[in-house]
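Colleague: Take this structure first; my questions come after.
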Amino acid sequence: MRSEVPLAAARTWMGFGLMCLGMFMAILDIQVVATSLPAIQSALAIDPELMSWIQTSYLIAEIIAIPLTGWLMRTLSMRWLFTAAIALFTLASIGCAASNNFSTLVSFRVVQGFAGGTLIPTVFAAVFIFFSPREQGIATTLAGVMAVLAPTVGPVVGGWITQTYSWHWLFLINVVPGLIASGATPFLLPRHRASFDDRKTVDGWSLMLMALALASLMIGLKQSPHEGWLSSLCIGLFAVCVLSGGFFVWRTLRAAGPIVKLSFFRDRSFAIGCVLSFCLGVGLFGSVYLIPVFLAFVRGHDALEIGSIMLVTGAAQLATAPVAVALERRLDPRLLTAFGFGLFGLGLGLSTFETRDTDFSEMFWPQIIRGIAIMFCLLPPTRLALGALSETDVPDASGLFNLMRNLGGAIGIALIDTVLYGRTGVHADALRSRLLAGDTAAAEAIGLDPDLLASGLSGPITPSAEAYVRPLIEKAAFVWSVNDAWTMLAAFAMLGVLLVPFAWSRHQQRG
């Protein structure tokens, strides 16, 4: 039975809007910091080899917090969990801005990540607890737009802040929204009784095993592209992940009061919805990662220019949101999901034809198509996974559902880096061989005058010629590797299409 809340009350919607704002700031934080890592490194004199831990520490803490959200929500209630999380996130942001060394900054990033990780599933759980089925489409759209818009606008916000102010403001921009949200939401959100007794029954071993499994997985994914997936370090990390994860599953399924309710995966629609969330995470976070890499290394754009180009996707998402809501109310969610992932796959596939001259105009339509598709990849699968669950089950299920999207993003980025590191050398060798054989098409691909190769090459290449041609070959090979990565992302989107028929159809009564 849903809570008897005045669903149309302005106070509830205002509180939910502030929750979405808090979630937006937590997701945005990852992007704006990534944009300005060189500025932070220079200011704090951090070893370049340690820089990635500023992001990795946040992501590890976030991905551990997400599945714990259900237990935390039962313990504190949604109202006080959100208030505590956004207040802690704000305080940690101030701590990051005030940090004067690497260890202090990373420590506050861990706190930031854990607090921010609880915000995403809390917001999506609120959709199905606070609102009637008729209003859930609007609420899901608001949450979804904020969740996918933050990675899109992050580069331009981070670039602008870095160029206009100092790196400290990357964290200080969280303070005012955080104070407003933490101060107002206790008076705006509906009241639910907390269950402090849950703290006495928490399974400490399960918590430790889950944290160990997720942390080793994230570190392994981070190191694999550089060390090699079969390196002793990565094999060890993945072995720890499998063993600790296996014991966690075994212990959790037998616990009377598990911290994470894995039994939800027995429901086919929930399980398929989680896999769809994973596929969306691969494509969404992968594309947001791949575009800046291409524009920076191939086109030489700075962070502000990259962010401006990527705003196209966000604009398409905002324009499509009302249409997605209207159709989601009327059509079978499986049809909309298949349409969304098919369109998403098309948008990703169109990017597989990039060249060294590709820029805003060539990226425009693929971004538009992906922006339109994203809302259909998010709204219907969310209803498939969570829409038929009881109010008491939604918080735990929402944590698992959102965890799958973040895991998809982490694995997708690791696979992209593997493709870029592994395939670039292969493509470079192939281009070099074709040039030596006088292949004019290869010359055109790297920007070399084909007439120079019209009759083939004979004799050794002079050092000056090699110095001139090598950067051209490396850039062209990198572009081809980027296209391979786009192909991989498109394949994950099409996997989503293939999975849709296996989900149950749930036509819920619209209240």
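Colleague: Hey, could you check region 282-336 for residues that are out of contact with any helix residue (DSSP H, G or I) (no Cβ under 7 Å at 6 or more places or on another chain) and of a type outside the set (A, V, I, L, M, F, W, C) and say which is farthest from TYR421 (Cα to Cα)?
Modeller: ARG330
Colleague: Right, next: Given PRO155, PRO121, which one is closer than 23 Å to GLY257 by Cα and touching a residue at least 40 places away in the same chain (Cβ under 8 Å)?
Modeller: Among PRO155, PRO121, only PRO121 is closer than 23 Å to GLY257 by Cα and touching a residue at least 40 places away in the same chain (Cβ under 8 Å).
Colleague: I would also like to ask the following. Could you say whether any residue in region 269-290 is modelled with pLDDT of 85 or more and surrounded by fewer than 16 Cβ atoms within 10 Å (Cβ to Cβ)? Full working, then the answer.
Modeller: Just the residues of region 269-290 that are modelled with pLDDT of 85 or more, to begin with: 269-290.
In the following step, the residues that additionally are surrounded by fewer than 16 Cβ atoms within 10 Å (Cβ to Cβ) were identified as none.
No; the residues of region 269-290 include none that is modelled with pLDDT of 85 or more and surrounded by fewer than 16 Cβ atoms within 10 Å (Cβ to Cβ).
Colleague: Something else: Here are ALA239, ALA194: which of them is modelled with pLDDT of 90 or more and open to solvent by less than 90 Å² (accessible area, probe 1.4 Å)?
Modeller: Values: ALA194 fails: modelled with pLDDT of 90 or more.
Answer to the selection: ALA239.
Colleague: Pairs needed: first member in region 210-228, among the charged types (D, E, K, R); second member anywhere, open to solvent by less than 10 Å² (accessible area, probe 1.4 Å); C-beta distance under 8 Å; at least 6 residues apart or different chains.
Modeller: From region 210-228, the pairs are LYS222/ALA414; GLU227/CYS234.
Colleague: Can you name every residue in region 197-214 that is at pLDDT 90 or above, among the small types (Gly, Ala, Ser) and open to solvent by 20 Å² or more (accessible area, probe 1.4 Å)?
Modeller: We begin by selecting, within region 197-214, every residue at pLDDT 90 or above; these are 208-214.
Adding the requirement that they be among the small types (Gly, Ala, Ser) leaves 211, 213.
Within region 197-214, just ALA211 meets the criteria.
Colleague: Related question: Does region 298-308 contain any residue that is buried (at least 19 other Cβ atoms within 10 Å of the Cβ), at pLDDT 85 or above and of a type in the set (Ser, Thr, Tyr)?
Modeller: No, the conditions are met nowhere in region 298-308.
Colleague: Considering only residues of region 34-91 that are at pLDDT below 85 and acidic (Asp, Glu), which is nearest to the chain's Cα centre (by Cα)?
Modeller: GLU49
Colleague: Being assigned to a helix (DSSP H, G or I), more than 18 Å from LEU142 (Cβ to Cβ) and open to solvent by less than 30 Å² (accessible area, probe 1.4 Å) is the filter here; which residues of region 386-411 pass it? Even if it seems obvious, please write down each step before you answer.
Modeller: The initial filter retains those residues of region 386-411 that are assigned to a helix (DSSP H, G or I), namely 386, 394-411.
Those left that are additionally more than 18 Å from LEU142 (Cβ to Cβ): 395-397, 399-400, 403-404, 406-411.
PRO395, ASP396, ALA397, GLY399, LEU400, LEU403, ASN406, LEU407, GLY408, GLY409, ALA410 - these are the residues of region 386-411 that are assigned to a helix (DSSP H, G or I), more than 18 Å from LEU142 (Cβ to Cβ) and open to solvent by less than 30 Å² (accessible area, probe 1.4 Å).
Colleague: Right, GLY349: closer than 25 Å to LEU415 by Cα, part of a helix (DSSP H, G or I), at pLDDT 90 or above and in contact with a Gly (Cβ under 8 Å, 6 or more places away or on another chain) or not?
Modeller: no
Colleague: ALA184: among the aliphatic types (A, V, I, L, M) and either on the phi > 0 side of the Ramachandran plot or buried (at least 24 other Cβ atoms within 10 Å of the Cβ) (or both), yes or no? Walk me through how you get there before you give the answer.
Modeller: Values: among the aliphatic types (A, V, I, L, M): yes; either on the phi > 0 side of the Ramachandran plot or buried (at least 24 other Cβ atoms within 10 Å of the Cβ) (or both): no.
No: the conditions fail for ALA184.
Colleague: Something else: Starting from region 428-445, keep only residues that are in a helix (DSSP H, G or I), then list their pairs with residues that are among the aliphatic types (A, V, I, L, M) and open to solvent by 50 Å² or more (accessible area, probe 1.4 Å) whose Cβ atoms are within a distance under 7 Å, requiring at least 6 positions of separation or different chains.
Modeller: Correct list of pairs: LEU436/LEU457; THR440/ALA454; ALA443/LEU452.
Colleague: May I ask you to say which residue of PHE339, PHE376 is open to solvent by 40 Å² or more (accessible area, probe 1.4 Å), part of a helix (DSSP H, G or I) and among the aromatic types (Phe, Trp, Tyr)? Before you say what the answer is, go through the steps one by one.
Modeller: Numbers: PHE376 fails: open to solvent by 40 Å² or more (accessible area, probe 1.4 Å).
Of the residues listed, the single one that is open to solvent by 40 Å² or more (accessible area, probe 1.4 Å), part of a helix (DSSP H, G or I) and among the aromatic types (Phe, Trp, Tyr) is PHE339.
Colleague: Residue check, VAL110 against (1) open to solvent by less than 30 Å² (accessible area, probe 1.4 Å); (2) of a type in the set (Val, Ile, Thr); (3) modelled with pLDDT of 90 or more, all met but one. Which one?
Modeller: Against the list (1) open to solvent by less than 30 Å² (accessible area, probe 1.4 Å); (2) of a type in the set (Val, Ile, Thr); (3) modelled with pLDDT of 90 or more, VAL110 comes up short only on (1).
Colleague: Among (1) under 19 Å from the mean Cα position of the chain (by Cα); (2) at pLDDT below 95, there is one condition GLY340 misses while meeting the rest; what is its number?
Modeller: (2)
Colleague: If you go through region 249-268, how many residues are surrounded by fewer than 18 Cβ atoms within 10 Å (Cβ to Cβ), of a type in the set (A, V, I, L, M, F, W, C) and part of a helix (DSSP H, G or I)?
Modeller: Taking region 249-268 and keeping what is surrounded by fewer than 18 Cβ atoms within 10 Å (Cβ to Cβ), we get 249-251, 253-257, 262-263, 265-268.
Filter once more, so that each one left must be of a type in the set (A, V, I, L, M, F, W, C): 249-250, 253, 255-256, 262, 265.
Imposing the further condition that a residue be part of a helix (DSSP H, G or I) reduces the set to 249-250, 253, 262, 265.
Looking only at that region, the number is 5.
Colleague: When region 134-165 is examined, which residues are found to be open to solvent by 30 Å² or more (accessible area, probe 1.4 Å), of a type outside the set (S, T, N, Q) and more than 23 Å from GLN367 (Cβ to Cβ)?
Modeller: Answer for region 134-165, where residues must be open to solvent by 30 Å² or more (accessible area, probe 1.4 Å), of a type outside the set (S, T, N, Q) and more than 23 Å from GLN367 (Cβ to Cβ): ARG134, GLU135, ILE138, TYR165.
The values are calculated or read from the model by the stated rules, or taken from the named source; none is laboratory data. Quantities reported herein were computed from a predicted structural model and do not represent experimental measurements. Note that each Cβ is placed from the backbone with ideal geometry, even for glycine, and that neighbours are counted across all protein chains shown. With ligands, DNA and RNA removed, areas are computed over all heavy atoms of the protein, side chains included. Shrake-Rupley method; radii C 1.70, N 1.55, O 1.52, S 1.80 Å.
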